Amino acid sequence: MSSIQVFNTLTGKKEEFVPINGNKVSLYACGPTVYDSSHLGHARKEIVWDVIQRYLRFKGYDVTFVRNITDIDDKIINRAKELNIRPDQLARHYLYEFWADMYALNVAPPDIEPRATEYLQQMIGMAEDLVKKGKAYEAGGDVYFDVSASKDYGKLGKKNIEDLKSGAREQVRSQEELKELKRNPVDFALWKSASEGETGWTSPWGFGRPGWHLECSSMIKSVLGETIDIHGGGEDLVFPHHENEKAQSEALHEKPLAKYWLHNSFINVSEEKMSKSLGNFKTIGDLLKEYSADTLRLFILQHHYRNPIEFSPESMNAAKQALIRLVRASLFAEYEENGGGFYPSKHYRFNEKVAAAYKRDKTLSEFHDEFVGSMDNDFNTAVAVSHLFGLADKISASKDAAERKLRAKALKDYAGVLGLTLADTRREVDRNSTEQVLALLLQLRQDARANKDFKTSDLIRNELAKVGISVMDTAEGPTWEKT
């Protein structure tokens, strides 16, 4: 098995990927805070980690992939207040929407998906242990991690501790009150006190709720152990979130939280990060009305995960047109679908062992080496995708039917490693287009009636009825409904 090189944010360089426990890989990626609809930036993060876990499995690793759900947070509480509903109702609504978006994007579900509200006792227990060990302290019903207890605080985010301000999220208390409570302005909350009537839970320090950073540390320990192979997320999480996770976990366990830290870059709009706070985002649901899931994936995967992407309608349309090249080439295959999107058939799992059958074809052997070489180089999907296009062009240029068929099947298999289905959606029509076509037919029928061409008028009406469209003439004009 060729070795994979990964860029470790902690060391700032590429390193050979060597799992802690033989062939087993523990992978944890921070999931969404479910307080609003997900946008293309969220899609990028989830697609990146989906591809990474798919490729690790392709290489033969036994992967346990964990993605958490933050279903309690100040953002959730504040949004729920605006809508006059309970925080758990809001979180549940957007969690279901997130799941639907991921399904539509062919993002495979994680092996484990813990929710913050399911791990409150573990969070409280971890905070208690840190207090007992002298690494944290209680102050006015809050509990703060003592950053001076972390020997290398700031190393992950390349920060100088003397220059840092508080890394905690918005607190319940005012900054003036916090200044009086904290020993050091950089100390961050493990537990935040709350007034009765607010969202919270009982704890040894009174009523309140956990700090954001404590969530992931507790979940990682509970479901994967004290040290994992890969911890990932968006680059905006490096500091303070991942820095604080690392500090509190390592202060308690006295061992590394993760061997490798990987972070994906942003999607920008006019050189600004796509974000809800800036209001410059398009939701995944809105984009899927205009583009196929494969188009969105291809747009994202044509860039290395550590490089920023500039979003524009022109770049999306370019990806849409490029995808057609791959789809047309893949149609030469008589491909038997194997359920590979979410739950691959137990009879067929494409991996390097299966790929050996393709290597008897010189073109496919060379393509395999190029594709794997690209992905082994810090999951460089941009180059891997370029090799998919190269293979597609060779398929289209080939005059040998058997050769085209074999290579087209390989194209679909290797595209599947990147989560691309290469489904032929060129003739799928969206609802808006369907309604416009129906409006045109109704107008043609009206014109026929006006010209006393009742044969044509009846023909249109009868043919529409055959496909379940009932046309009705009203005083306001014709209308239709599904039967």
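Summary table below
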| item | result |
| --- | --- |
| Cβ-Cβ FRET estimate between SER365 and SER3, R0 fixed at 25 Å, reported to 0.05 | 0.80 |
| Karplus-derived HN-Hα couplings along segment 205-214 (A = 6.51, B = -1.76, C = 1.60, θ = phi - 60°), whole Hz, x at Gly and Pro | 10, x, 6, x, 8, x, x, 4, 5, 5 |
| Long-range HN-HN contacts of ALA139 with modeled amide H, under 5 Å | TYR144 |
| Fewest-first sequence of TRP201, TRP49 by Cβ atoms within 10 Å of each Cβ | TRP201, TRP49 |
| Spacing of the two label points (7 Å from each Cα toward its C-beta) at SER148 and ARG92, in nm | 4.6 |
| FRET efficiency, ASP111 to ARG328 (Cβ-Cβ, R0 51 Å, nearest 0.05) | 0.90 |
| Beta bridges per DSSP with both ends in the chain, % antiparallel, nearest 5 | 55 |
| Residue-span extension gain [SER396 to THR425] - 0.36 nm each, minus C-alpha spacing | 8.5 nm |
| Cβ-placed point charges (K, R +1; D, E -1), dipole of the chain about Cα centre in debye, nearest 20 | 1200 |
| Under Karplus coefficients 6.51, -1.76 and 1.60, residue-wise ³J(HN,Hα) of segment 299-311 in Hz, glycine/proline x | 4, 6, 6, 6, 10, 5, 4, 8, 9, x, 10, 9, 8 |
| Top positive-direction residue, dipole computed over segment 5-269 with Cβ charges, set LEU214, PRO19, LEU224 | PRO19 |
| Mean Cβ count within 10 Å, highest first, over the residues of peptides 460-470, 130-140, 242-252, 297-307 | 242-252, 297-307, 130-140, 460-470 |
| Total charge dipole magnitude, segment 397-483, about the Cα centre, Cβ charges on Lys, Arg, Asp, Glu only, Debye to nearest 20 | 480 |
| Most positive-pole-ward Cα, LEU331, ALA410, VAL385, against dipole of segment 314-417 from beta carbon charges | LEU331 |
| Which of GLU290, GLU314 has the fewest Cβ neighbours within 10 Å, and the rest in rising order | GLU314, GLU290 |
| Relative contact order [Cα under 8 Å, 6+ residues apart], the chain, whole percent | 16 |
| Extension reserve of the LYS482-VAL437 stretch, reckoned as 0.36 nm per residue once the Cα distance is removed | 14.7 nm |
| Between segment 209-263 and segment 76-90, the alpha-carbon center distance in angstrom | 28 |
| Amide H contacts of ALA258 (H built 1.01 Å from N, under 5 Å, at least 5 apart or other chain) | ILE228 |
| Residues TRP212, TRP205, sorted so that the one with the fewest Cβ neighbours within 10 Å comes first | TRP205, TRP212 |
| Neighbourhood net charge (14 Å Cβ-Cβ; Lys/Arg +1, Asp/Glu -1) for ASN377 | -2 |
| Proximal lysines relative to LYS455, as straight alpha-carbon distance under 24 Å, when same-chain residues fewer than 8 apart are discounted | LYS466, LYS482 |
| For the chain, with +1 on Lys and Arg beta carbons and -1 on Asp and Glu, the positive-most of ASN268, ILE395, LEU257 along the dipole | ILE395 |
| Helix 243-253 vs. the chain, principal-axis angle (Cα, 0 to 90°, nearest 10) | 50 |
| FRET efficiency, 1/(1 + (r/R0)^6) with R0 35 Å, evaluated for ASP286 and LYS132 via beta carbons | 0.10 |
| Segment 5-269: relative contact order as a whole-number percent, Cα under 8 Å and 6+ apart | 23 |
| Reachable aspartates and glutamates from LYS159, criterion Cα separation under 13 angstrom, eight or more residues apart if same chain | GLU243 |
| Estimated vicinal HN-Hα couplings, Hz - segment 441-456 in sequence order (Karplus 6.51, -1.76, 1.60; Gly, Pro = x) | 5, 5, 5, 4, 5, 4, 5, 5, 5, 5, 8, 6, 8, 6, 4, 5 |
| Size of electric dipole in segment 314-417: Cβ of Lys, Arg +1 and of Asp, Glu -1, about Cα centre, debye, nearest 20 | 360 |
| Ranked by how many other beta carbons lie within 10 Å on average, peptides 393-403, 18-28 from highest | 18-28, 393-403 |
| Extended-chain gain in nm, criterion 0.36 nm per residue less alpha-carbon gap, VAL18 and LYS455 | 149.8 nm |
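Bear in mind these aren't lab numbers, they're just calculated from the coordinates by the rules spelled out. The structure presented is a predicted model; accordingly, all values stated were derived computationally and were not measured. Quick reminder, even Gly has a Cβ in these numbers, built from the backbone with ideal geometry, and neighbours come from all protein chains shown.
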